[in-house]
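The values are calculated or read from the model by the stated rules, or taken from the named source; none is laboratory data. Bear in mind that the values here come from a model prediction, so they are computed numbers and not experimental data. Heads up, the Cβs are rebuilt from the backbone with ideal geometry, glycines too, and the neighbour counts pull from every protein chain shown. Side chains are part of the model used for accessible areas, which takes the heavy atoms of the whole protein and leaves out ligands, DNA and RNA. Shrake-Rupley method; radii C 1.70, N 1.55, O 1.52, S 1.80 Å.
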Amino acid sequence: MIIIQQGDLVLTDRILTGDLLIDGDKIVAIDEHISVPEGAEVINAKGCYVFPGFIDPHTHFQMTNALASTADDFDSGTKAAILGGTTSIINFASPEEGSLCKGLEVHKERAAGHCSCDYKFHMELVEMNEDVAREIPQVVEAGVSSFKVYLAYGFRLTDREIYDAIEAIKPTGALVGAHCENGDLIDALVADKRKRGELDVGNHPLTRPAMIESEAIKRFSTIGAALEYPVHIVHVSSKEGIEEVIRERDLGHKVTCETCPQYLVLDESRYNLPDFEGVKYVMSPPLRTIQDQMALKDALVNGLFQTIGSDHCSFTFNDQKLKSRHDFTRIPGGIPGAEERGIVAYDVLVNQCNMSAVDFMKLVSENPAKLYGMYPKKGTLSIGSDGDITIVDKRIEHVLSKESAHTKADYIPYEGISVTGKVRDVILRGHHVVQDGSLLESYLGECIP
């Protein structure tokens with residue numbers, strides 16, 4: 001039994017300065033004052049926000065692509081995540097041997113017993129045929145509540161295949177998300193750069209301009225609208241992308257969207273750093289301009305976005321990214337960030353943009369729980385909900401650094417950034433797993449049904 005006292009409890013509609021009681025794995029009482037039960041562990045949260053555990057809806061742990069395998073597996077990735085206040089992650093599962101069911105089984109086996117926070121899976125659709133359509137309801141029955149398609153790169157689907165995928169998913173009610181970039185145009189721009197011999201990392205963002213993102217958002221949203229089915233856009237990175245989402249909503253199309261902390265604090269100048277440091281920031285979509293950053297912040301404050309994901313996809317600088325420094329097309333794309341996601345977003349939105357702690361909580365806890373079928377088990381401080389708690393000390397200023405980070409990657413993209421607010425304690429289903437910033441209990445994560 002745990003009682004959290006004198007904290008600013010971030011509820012769905014307000015902040016209550018008071019106490020919260022967890023018995024077993026559930027929240028059992030919330031009030032301005034609760035008498036301390038005999039034998040209860042007492043946590044003094046004065047000067048802190050008490051949030052429902054953060055949910056990261058976008059991680060790539062233990063992933064292999066055509067270029068490399070990620071530095072972080074479920075073990076190291078979920079340890080980093082929970083130390084950053086994230087009590088649940090949604091990781092991407094790929095088909096195995098063309099089978100969705102086998103892919104989900106393989107990813108569950110990889111995660112089981114190795115996770116320090118709770119977890120569930122998105123299912124990636126890398127091809128579309130009758131066998132895949134037949135398996136879609138089967139993986140939904142097995143716990144998948146969302147699918148992802150790609151409009152770019154080697155596993156992209158055609159517009160017709162995306163239409164067929166949404167049509168097959170529609171009876172299940174599962175969410176359909178997409179990586180929105182125009183793959184054919186990227187291929188053309190990359191081919192032009194290669195022909196000119198312009199292969200240094202500074203050309204990476206030039207082959208993925210914002211208009212390529214906004215065009216794909218329009219196309220994907222149109223396919224969803226044709227089937228009268230809602231769609232979700234992951235990692236929106238640009239002002240043009242935001243404007244396209246607004247236009248689609250004005251047309252009556254149902255579109256939800258996500259962005260990521262890297263697009264709020266990092267910009268395209270990183271690709272021009274000396275000593276090939278720019279390879280650290282190769283990701284898709286790429287980092288954008290300062291103007292795009294400002295547009296994203298405004299959109300977040302004004303409620304355009306539903307979620308903030310880390311898009312944690314970690315590769316090492318020295319062993320994996322740097323070896324392809326002379327050919328940006330061979331650099332594995334992605335960055336670490338599951339640990340820093342919550343506090344970077346908190347500092348930007350609450351401290352710098354004056355967003356209320358309640359609205360911030362919705363982005364990192366409540367909304368992802370609702371979108372992905374976990375609410376009210378997750379994503380809320382409510383009686384009967386899981387005892388997943390993230391306590392952020394509002395007063396502590398600190399500098400983000402690889403020295404204090406827990407990713408297996410040999411760098412973090414947020415090196416040297418100063419933030420005010422620090423994850424102090426984390427409770428996972430009633431277990432006080434992080435205390436004063438240290439992980440005391442590992443491997444308690446369970447697969448979310």
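Details
- For the stretch 375-387, Karplus couplings with θ = phi - 60° (6.51, -1.76, 1.60), whole Hz, Gly/Pro x: 8, x, 4, 10, x, 7, 8, 9, 4, x, 7, 4, x
- Separation between Cα centres of the stretch 33-100 and the stretch 207-270, rounded to whole Å: 26 Å
- Among beta bridges identified by DSSP and lying wholly in the chain, the antiparallel ones come to about 50 percent.
- Alpha-carbon centroids, the stretch 399-434 and the stretch 363-391: separation in whole Å: 21 Å
- Chymotrypsin sites (Phe, Trp or Tyr not before Pro) lying in DSSP loop within the stretch 53-155, provided at most 16 other Cβ fall within 10 Å: Tyr153
- Solvent exposure of the stretch 167-258 amounts to 42 Å² per residue of accessible area, where only protein heavy atoms count and the probe is 1.4 Å.
- Residues whose amide H falls under 5 Å from that of Arg424, counting only those 5 or more places apart or on a different chain, are Ile391, Val392, Asp393, with hydrogens built in the peptide plane.
- Candidates His406, His58, His326, ranked by Gaussian network fluctuation over the chain, Cα under 10 Å, top entry: His326
- The charge dipole of the stretch 168-231, taken about the Cα centre with unit charges on the Cβ atoms of Lys, Arg (+1) and Asp, Glu (-1), comes to about 60 debye, rounded to the nearest 20.
- For the pair Gln138 and Asp73, a Förster radius of 22 Å applied to the C-beta separation gives a FRET efficiency near 0.25, rounded to the nearest 0.05.
- Accessible surface of the stretch 173-223, 1.4 Å probe: 58 percent of it comes from carbon and sulfur atoms.
- Difference of contour (0.36 nm per residue) and Cα-Cα distance, Asp25 to Thr222: 66.6 nm
- Annotation: extensible slack from Ile383 through Ser356 equals 7.4 nm (criterion: 0.36 nm per residue apart, minus Cα-Cα distance).
- Placing Asp56, Asp436 in order of accessible area, with the largest value first and a 1.4 Å probe, yields Asp436, Asp56.
- When +1 charges are put on Lys and Arg Cβ atoms and -1 charges on Asp and Glu Cβ atoms, the dipole computed for the chain relative to its Cα centre reaches about 620 debye.
- Charge tally in the Cβ shell below 14 Å around Glu243, where Lys, Arg are +1 and Asp, Glu are -1, Glu243 excluded: -3
- Extension gain, Thr158 to Met211: 0.36 nm times the residue separation minus the Cα-Cα distance gives 17.2 nm.
- Cβ-defined net charge surrounding Thr17, 12 Å radius [Lys, Arg +1; Asp, Glu -1]: -2
- Across the stretch 223-239, rounded Karplus estimates of 3J(HN,Hα) from the backbone phi angles (6.51 cos²θ - 1.76 cosθ + 1.60, θ = phi - 60°) give 5, x, 5, 4, 9, 6, 9, x, 10, 10, 9, 8, 5, 5, 10, 9, 4 Hz, Gly and Pro being marked x.
- Amide H partners (placed H, <5 Å) of Ala29, local residues excluded: Leu21
- Computed from phi, the 3J(HN,Hα) profile of the stretch 152-159 under the Karplus parametrisation 6.51, -1.76, 1.60 (θ = phi - 60°) reads 8, 6, x, 10, 6, 9, 6, 4 Hz, with x in place of Gly and Pro.
- The residues neighbouring Cys353, those whose beta-carbon lies less than 13 Å from its own, together hold a net charge of -2 under the Lys/Arg +1, Asp/Glu -1 convention.
- Only helices enter this figure: runs of n ≥ 4 DSSP H residues, each worth -39500 (n - 2.57), summed and divided by the residues of the chain, yield -8000 deg cm²/dmol at 222 nm to the nearest 500.
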